[in-house]
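Taking it in order: structure first as structure tokens, then the write-up.
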Amino acid sequence: GYGSLLLNELLRLALMRGVSLATLEVRRSNIEAQSLYKRHGFIATGFRPNYYKNNLEDALIFERRVG
């Protein structure tokens, strides 16, 4: 729903501005968000240990080419 609409719009705007690579971080436990990003062509490329200070959860780094 709304997540896909927002992500598509952000990628469209990024393309218009000449961005070639989009990156984002997501909590390791947020499987729903990871599924959304994967459906839109993002792939996990790494992680940031203890990224979230409230519980020291790791963040997964996702990337995809724009365009």
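Within the range 48-61, can one find any residue that is of a type in the set (Gly, Ala, Ser) and in a loop (DSSP other than H, G, I, E, B)? Quick ask: steps written out before the conclusion?
Of all residues in the range 48-61, those of a type in the set (Gly, Ala, Ser) come to 59.
Still in the list and also in a loop (DSSP other than H, G, I, E, B): none.
Checking the range 48-61: not a single residue is of a type in the set (Gly, Ala, Ser) and in a loop (DSSP other than H, G, I, E, B).
One line per residue, one yes/no per condition, for (1) charged (D, E, K, R); (2) touching a Cys at 6+ places or on another chain (Cβ under 7 Å); (3) within 19 Å of Tyr51 (Cα to Cα); (4) free of Cβ contacts under 8 Å to residues at least 12 places away in the same chain:
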position	(1), (2), (3), (4)
Gly3	no, no, no, no
Leu7	no, no, no, no
Leu11	no, no, no, no
Val19	no, no, no, no
Thr23	no, no, yes, no
Val26	no, no, yes, no
Ser35	no, no, no, yes
His40	no, no, no, no
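Confirm whether Leu11 is surrounded by 11 or more Cβ atoms within 10 Å (Cβ to Cβ), modelled with pLDDT of 95 or more and either part of a helix (DSSP H, G or I) or polar (S, T, N, Q) (or both).
yes
In the range 46-58, how many are under 25 Å from Leu7 (Cβ atoms) and either open to solvent by less than 100 Å² (accessible area, probe 1.4 Å) or among the aliphatic types (A, V, I, L, M) (or both)? Show your work before the answer.
If we filter the range 46-58 for residues that are under 25 Å from Leu7 (Cβ atoms), which is where we start, we get 46-48, 51-52, 54, 57-58.
This time we only want the ones that are either open to solvent by less than 100 Å² (accessible area, probe 1.4 Å) or among the aliphatic types (A, V, I, L, M) (or both), so: 46, 48, 51-52, 57-58.
Counting residues in the range 46-58 that are under 25 Å from Leu7 (Cβ atoms) and either open to solvent by less than 100 Å² (accessible area, probe 1.4 Å) or among the aliphatic types (A, V, I, L, M) (or both) gives 6.
Given the structure, is Ile43 over 9 Å from the mean Cα position of the chain (by Cα) and open to solvent by 90 Å² or more (accessible area, probe 1.4 Å)? I'd like the intermediate steps shown before the answer.
Values: over 9 Å from the mean Cα position of the chain (by Cα): no; open to solvent by 90 Å² or more (accessible area, probe 1.4 Å): yes.
Considered against the rule, which asks whether it is over 9 Å from the mean Cα position of the chain (by Cα) and open to solvent by 90 Å² or more (accessible area, probe 1.4 Å), Ile43 comes out as no.
Against the definition (open to solvent by less than 50 Å² (accessible area, probe 1.4 Å) and aliphatic (A, V, I, L, M)), how does Ile61 come out, yes or no? Show your work before the answer.
On the way: open to solvent by less than 50 Å² (accessible area, probe 1.4 Å): yes; aliphatic (A, V, I, L, M): yes.
Taking the combined requirement at face value, the residue satisfies it.
Any idea which residue in the range 14-31 is surrounded by the fewest Cβ atoms within 10 Å (Cβ to Cβ), counting only those that are among the polar types (S, T, N, Q) and assigned to a loop (DSSP other than H, G, I, E, B)?
Quick first cut of the range 14-31, residues among the polar types (S, T, N, Q) only: 20, 23, 29-30.
Okay, now just the ones that are also assigned to a loop (DSSP other than H, G, I, E, B), so 20, 29-30.
Numbers: Ser20: 9, Ser29: 13, Asn30: 14.
This residue is Ser20.
The values are calculated or read from the model by the stated rules, or taken from the named source; none is laboratory data. Just so we're clear, the structure is a prediction, and the values are computed from it rather than from any experiment. Here Cβ is always computed from backbone atoms with ideal geometry, including for glycine, and neighbour counts include all displayed protein chains. Surface accessibility is based on the protein's heavy atoms, side chains included, excluding ligands, DNA and RNA. Shrake-Rupley method; radii C 1.70, N 1.55, O 1.52, S 1.80 Å.
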